[in-house]
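A short write-up of the structure that comes next.
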Amino acid sequence: MEESQPLYGPPNLPESASAHSSERFHSNGNRSRGSSITAGLKKRGHGSRSWIKIDKNGNSKTLELDKATIMRHCSLPARDLRLLDPLFIYPSTILGREKAIVVSLEQIRCIITADEVILMNSLDGSVVKYKSELCKRLQIKKYQAEDLPFEFRALELALELICMSLDAQVYELEMEMYPVLDELTTSVSTLNLERVRRLKGHLLALTQRVQKVRDEIEHLMDDDGDMAEMYLTEKKQRSEAGLSDVCIQTHTSGGTREVSKSAPVSPVESSTSGSQKLQRAFSSIVSLSKHGSLISISDAGENIEQLEMLLEAYFIVSDNTHSKLSTLKEYIDDTEDLINIKLGNVQNQLIQFQLLLTAATFLATIYASITAVFGMNFADSIFDHPSAFNWVLVITGGSCGLLYFSFLFYLRRRKVFPL
């Protein structure tokens with residue numbers, strides 16, 4: 001009889017073929033899983049995020065942008081966008097670039113250009129307040145007496161909200177810590193010590209945050225080049241004016257050298273003249289751009305007082321907040337010193353009491369030893385007088401008392417402890 005095979009199954013294969021097919025299946029499966037993981041990582045690294053775009057008129061809209069689009073739009077390197085990534089924890093930073101200002105202050109992380117603000121969308125209260133307040137100020141045109149550039153308005157609002165937020169947190173910490181410290185001075189307990197330890201940790205973390213904001217503002221104030229880079233509106237106006245001048249010069253040069261239509265022109269001469277025009281136009285653009293950049297840097301170096309005054313105002317606010325934290329830390333240190341002094345005083349009192357008790361125990365031991373000797377059963381002439389033992393007790397007790405008071409007088413004279 002012939003061997004039967006399953007109806008819907010594969011035919012019987014040799015063992016080597018089945019092993020090869022199974023190995024190929026596992027390798028394909030591992031390759032597909034690896035490619036899917038790689039694709040997932042690429043998608044995660046270059047995925048779109050939610051951003052809020054605010055223009056000069058105060059109009060805002062939510063967009064889904066990826067890193068590549070923002071890098072092309074704002075001419076920023078990837079390391080600057082890494083500062084805005086909420087998955088990473090970076091200290092407060094303000095960077096001035098060619099076409100944008102990168103701001104990473106606590107929860108407010110945005111890119112400020114000459115025409116718009118690209119704010120990272122978040123449900124945090126600081127971000128929501130920054131968006132609403134910036135739109136409100138731009139719509140009502142609050143800066144009319146002394147008009148600031150758009151980028152400085154956005155930067156000023158970010159500094160204002162962060163400084164106010166840090167100052168409010170310091171005030172809450174003060175209101176919570178001073179009563180706890182006062183209670184600790186009157187009652188040193190495990191519960192009060194634990195509360196002070198927790199608040200002290202919060203104080204150190206808050207001090208580092210305030211210190212970083214203050215140092216970043218101070219670093220900008222000390223570097224004129226960084227402040228000059230932040231004048232985005234002026235740089236944009238100068239670049240537009242330079243391009244318009246280049247176009248006018250190119251048009252006039254082409255008009256003065258226009259030849260007659262009736263004169264014959266060879267193709268070689270026309271191509272040569274066209275290439276020369278392009279070279280002259282390119283060289284003029286490069287020279288004007290260099291000249292315009294130098295002028296903008298020199299003029300910005302002369303006119304950075306406006307930005308410097310703005311930064312100085314918030315440097316004073318952050319320095320005042322840092323001074324409050326320093327005062328609070330000094331108060332904690334003074335409280336710890338006071339508690340240590342009190343504990344040392346209690347320890348000294350215990351040592352004095354232990355010293356007195358040890359002296360009294362020593363004299364009582366002498367008295368008990370003498371009475372124990374006379375309590376032994378041995379024959380002696382002193383037992384012939386019944387009152388002799390009473391005199392022994394009186395003399396021994398008086399001697400021990402005299403020795404004890406002599407010991408106290410010696411300690412008082414040596415000022416070991418006041419009595």
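Against the numbered list (1) within 20 Å of the chain's Cα centre (by Cα); (2) assigned to a loop (DSSP other than H, G, I, E, B); (3) crowded, with 16+ Cβ neighbours inside 10 Å, Phe88 comes up short only at (3). Among the residues of region 190-212 satisfying the criterion of being touching a residue at least 60 places away in the same chain (Cβ under 8 Å) and in contact with a Leu (Cβ under 7 Å, 6 or more places away or on another chain), which is nearest to Ile339 (Cα to Cα)? Filtering region 190-212 for residues that are touching a residue at least 60 places away in the same chain (Cβ under 8 Å) and in contact with a Leu (Cβ under 7 Å, 6 or more places away or on another chain), the one nearest to Ile339 (Cα to Cα) comes out as Val196. Among the residues making up region 167-185, those that are open to solvent by 10 Å² or more (accessible area, probe 1.4 Å) and either out of contact with any helix residue (DSSP H, G or I) (no Cβ under 7 Å at 6 or more places or on another chain) or not acidic (Asp, Glu) (or both) are Ala168, Gln169, Tyr171, Glu172, Met175, Tyr178, Pro179, Asp182, Thr185. Inside region 366-419, residues that are part of a loop (DSSP other than H, G, I, E, B) and surrounded by 11 or more Cβ atoms within 10 Å (Cβ to Cβ) make up a count of 2.
Yes/no per residue for (1) of a type in the set (Val, Ile, Thr); (2) in contact (Cβ under 8 Å) with a residue 24 or more places away in the chain; (3) more than 30 Å from Asn390 (Cβ to Cβ):
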| residue | (1), (2), (3) |
| --- | --- |
| Ala313 | no, no, yes |
| Ile316 | yes, no, yes |
| Thr321 | yes, yes, yes |
| Leu328 | no, yes, yes |
| Ile332 | yes, yes, yes |
| Ile339 | yes, yes, yes |
| Leu343 | no, yes, yes |
| Tyr367 | no, yes, no |
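Matching residues to (1) in contact with a helix residue (DSSP H, G or I) (Cβ under 9 Å, 6 or more places away or on another chain); (2) among the hydrophobic types (A, V, I, L, M, F, W, C); (3) within 16 Å of Phe315 (Cα to Cα):
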position	(1), (2), (3)
Ile140	no, yes, no
Glu151	yes, no, no
Ala158	yes, yes, yes
Ser187	no, no, no
Thr207	yes, no, yes
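Which residues, counting only those in region 121-157, are under 18 Å from Ile94 (Cα atoms), open to solvent by 20 Å² or more (accessible area, probe 1.4 Å) and either in a helix (DSSP H, G or I) or modelled with pLDDT of 90 or more (or both)?
Pass one, region 121-157, residues under 18 Å from Ile94 (Cα atoms): 126-127, 130, 149-157.
From the residues that got through so far, the ones that are open to solvent by 20 Å² or more (accessible area, probe 1.4 Å) too are 126, 149, 153, 156.
Selection gives Ser126, Arg153, Glu156.
Could you check region 96-115 and list, in sequence order, the residues that are crowded, with 20+ Cβ neighbours inside 10 Å, under 16 Å from Met230 (Cα atoms) and in contact (Cβ under 8 Å) with a residue 40 or more places away in the chain? Passing the criteria: Gly96, Ala100, Ile101, Val103, Cys110, Ile111, Ile112, Thr113.
With respect to the stated conditions, Asp337 fails to be under 42 Å from the mean Cα position of the chain (by Cα), open to solvent by less than 70 Å² (accessible area, probe 1.4 Å), modelled with pLDDT of 90 or more and not small (Gly, Ala, Ser).
The values are calculated or read from the model by the stated rules, or taken from the named source; none is laboratory data. Worth saying up front: this structure is predicted, and the values here are computed from it rather than measured. Ideal geometry is used to build each Cβ from the backbone, glycine not excepted, and the neighbour counts take in all protein chains shown. Areas reflect the complete protein model, heavy atoms only, side chains present, ligands, DNA and RNA absent. Shrake-Rupley method; radii C 1.70, N 1.55, O 1.52, S 1.80 Å.
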